[in-house]
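Peer 1: Take this structure, written in structure tokens, and hold onto it; I'll ask about it next.
Please treat every number below as a calculation from the coordinates, not as lab data. Computed from a predicted model, the values in this text were never measured in an experiment.
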Amino acid sequence: MEINWVVIGVVVVLVIILVVLTIRKNQKEKKKLTDLLNNDFKKEEKIDIDVDDSANEK
């Protein structure tokens, strides 16, 4: 029984391409997520309370 090296070579090349593309996509998604998490914070609400006005009580 002969081993078909051409078919094995093509499959190996396709698997390598698939792995490389998956890694690149994951790196892009990781960068997007990191940027989102670093910039997604709620700014603190400034509370100006007038001491003479009792309606501003919280």
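Peer 1: Karplus couplings for region 18-24 from phi (6.51 cos²θ - 1.76 cosθ + 1.60, θ = phi - 60°), rounded to Hz, Gly and Pro as x?
Peer 2: 4, 5, 5, 5, 5, 5, 5
Peer 1: Shifting gears a bit: Taking θ = phi - 60°, what integer Hz values does the Karplus form 6.51 cos²θ - 1.76 cosθ + 1.60 yield along region 3-16, in sequence order, with x for Gly and Pro?
Peer 2: These are the phi-based 3J(HN,Hα) values: 8, 8, 5, 5, 5, 4, x, 5, 5, 5, 5, 5, 5, 5 Hz.
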